[in-house]
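Contents: one structure, followed by commentary.
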Amino acid sequence: EKQLSKIDKKNAQKIVSRLDAITDNPYAHIEKLRGNDLYKLRVGSYKVIMTLQQQNMIIFIVETCHRSTVYRNY
């Protein structure tokens, strides 16, 4: 929620909707980041950086940023 509060309401709703849509089979929609155990999902101009707990298929959102700045920390 903290990450989404920094984004305008329209794009935040898109991100939440997209995350809901991928819960059945997230690996068909995400890509692994090189060099660590994180994954990325593109939603419009934003990237969602996440980690997955595979046993229970829980998605932990690490960061949500505009795609021009998201890789500065990874």
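Computed from the coordinates by the stated procedures, all read-outs in this text should not be read as laboratory data. Please read these numbers as outputs of a predicted model, since none were measured by experiment. Using ideal geometry, Cβ is built from the backbone for each residue, glycine included, and neighbour counts are taken over all protein chains shown.
Kindly list, by first and then second residue, each pair from a residue in segment 7-32 that is basic (Lys, Arg) to a residue that is outside any loop (DSSP other than H, G, I, E, B), limited to pairs with Cβ atoms under 6 Å and residues at least 6 apart or on different chains.
Pairs found: Lys14/Val43; Arg18/Val43; Lys32/Tyr39.
Looking at Lys14, Lys32, Lys40, Lys47, which is the one that is under 12 Å from the mean Cα position of the chain (by Cα), surrounded by 10 or more Cβ atoms within 10 Å (Cβ to Cβ), more than 18 Å from Ser68 (Cβ to Cβ) and among the charged types (D, E, K, R)?
Values: Lys14 fails: more than 18 Å from Ser68 (Cβ to Cβ); Lys40 fails: more than 18 Å from Ser68 (Cβ to Cβ); Lys47 fails: more than 18 Å from Ser68 (Cβ to Cβ).
Criteria check complete, one pass: Lys32.
Against the condition within 20 Å of Ser5 (Cβ to Cβ) and of a type outside the set (S, T, N, Q), how does Glu63 come out, does it pass? Write out each step before concluding.
Details: within 20 Å of Ser5 (Cβ to Cβ): yes; of a type outside the set (S, T, N, Q): yes.
The answer is yes for Glu63.
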